[in-house]
Amino acid sequence: MEAYAGKQFVGIDLHRRRTVIVRTTEAGEVLEAVRIVNDVQRLASVMARAGDCPEVVLEATYGCVDDHVIPQG
């Protein structure tokens, strides 16, 4: 996978056990699409490849988002 220096958009489909993450360019070209087991370190690893300030969209099934994924406060 090549490094991409431009603006990135990240779509996250969060479920109880697994999450699908898709990173794209502004033009909609898919840079990466991964399915991960929910783990904070794995999520952080994928998000680190999205650059400094990606635009992020989160879709979560009811009850799946907790303080380990999105800290409160």
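Each reported figure results from applying straightforward, stated rules to the coordinates on display, with no laboratory input. The structure displayed is predicted, hence computed values, not measured ones. Neighbour counts run over all protein chains shown; Cβ positions are idealised from the backbone, glycine included.
Worth pointing out:
- Computed extension length for Ala5-Glu55: 16.6 nm, one decimal, from 0.36 nm per residue of separation with the Cα-Cα distance subtracted.
- Radius 12 Å from Cβ of Val57, net charge of other residues (Lys, Arg +1; Asp, Glu -1): -2
- FRET E, pair Ala44, Arg16, Förster distance 22 Å, beta-carbon r, rounded to 0.05: 0.70
- Among 46-56, 13-23, the order from most to least packed when residues are scored by Cβ within 10 Å on average: 13-23, 46-56
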